[in-house]
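> Here it is, the structure, as structure tokens.
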Amino acid sequence: MPRILILALSFLAAGCDLAPGLSPYRIEIQQGNYVTQEMVAQLKPGLTRDQVRFVLGTPLVSDIFHGERWDYVFMRQRANSSKIEYRRIAVFFDDGRLKRVEGDAVAAATPGRTGQ
């Protein structure tokens, strides 16, 4: 019986702030398409949809009402941090060819294109 009591108390202490040295393990949470500056730098006007998909991957959002636009959204929360990194890239097509790219990772990678 004392062993069970000691074991139960240790689990309770690990689950709360009573034991400052003990804290639960937190994992990094990542959702969406991770798009880097290098990936965006490979995009050139005139690329086909398949070529864009090869470079950036399958878009997270492909809206049926905006068939000429793909959205790549990325969210990451690092372990043991409350800071959330959020990025958005929008790729616009004209007649199946890449027309322009807008978003967070565009301005520094490709001068002359519109970025937010």
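> Report whether or not residue 100 is surrounded by 14 or more Cβ atoms within 10 Å (Cβ to Cβ), modelled with pLDDT of 90 or more and touching a strand residue (DSSP E or B) at 6+ places or on another chain (Cβ under 9 Å).
Against the criterion (surrounded by 14 or more Cβ atoms within 10 Å (Cβ to Cβ), modelled with pLDDT of 90 or more and touching a strand residue (DSSP E or B) at 6+ places or on another chain (Cβ under 9 Å)), residue 100 qualifies.
> Further question on the same structure: Looking only at residues in the range 44-86 that are under 19 Å from the mean Cα position of the chain (by Cα) and within 13 Å of residue 101 (Cβ to Cβ), which one is most open to solvent (accessible area, probe 1.4 Å)?
69
> Right, another one. If you take the residues of the range 19-43 that are among the hydroxyl-bearing types (Ser, Thr, Tyr) and surrounded by 11 or more Cβ atoms within 10 Å (Cβ to Cβ), which of them is modelled with the lowest pLDDT? Outline the logic, then answer.
From the range 19-43, those among the hydroxyl-bearing types (Ser, Thr, Tyr) are 23, 25, 34, 36; that's our starting set.
Still in the running and surrounded by 11 or more Cβ atoms within 10 Å (Cβ to Cβ): 23, 34, 36.
On the way: 23: 68, 34: 81, 36: 82.
This residue is 23.
> Is one or more of the residues making up the range 55-70 of a type in the set (D, E, K, R) and assigned to a strand (DSSP E or B)?
Yes, the range 55-70 contains at least one residue that is of a type in the set (D, E, K, R) and assigned to a strand (DSSP E or B).
The values are calculated or read from the model by the stated rules, or taken from the named source; none is laboratory data. Note that this is a predicted model, so its numbers are computed, not measured. Note that we place each Cβ from the backbone using ideal geometry, even for glycine, and neighbour counts take in every protein chain shown. Only protein heavy atoms, including side chains, enter the accessible area calculation; ligands, DNA and RNA are left aside. Shrake-Rupley method; radii C 1.70, N 1.55, O 1.52, S 1.80 Å.
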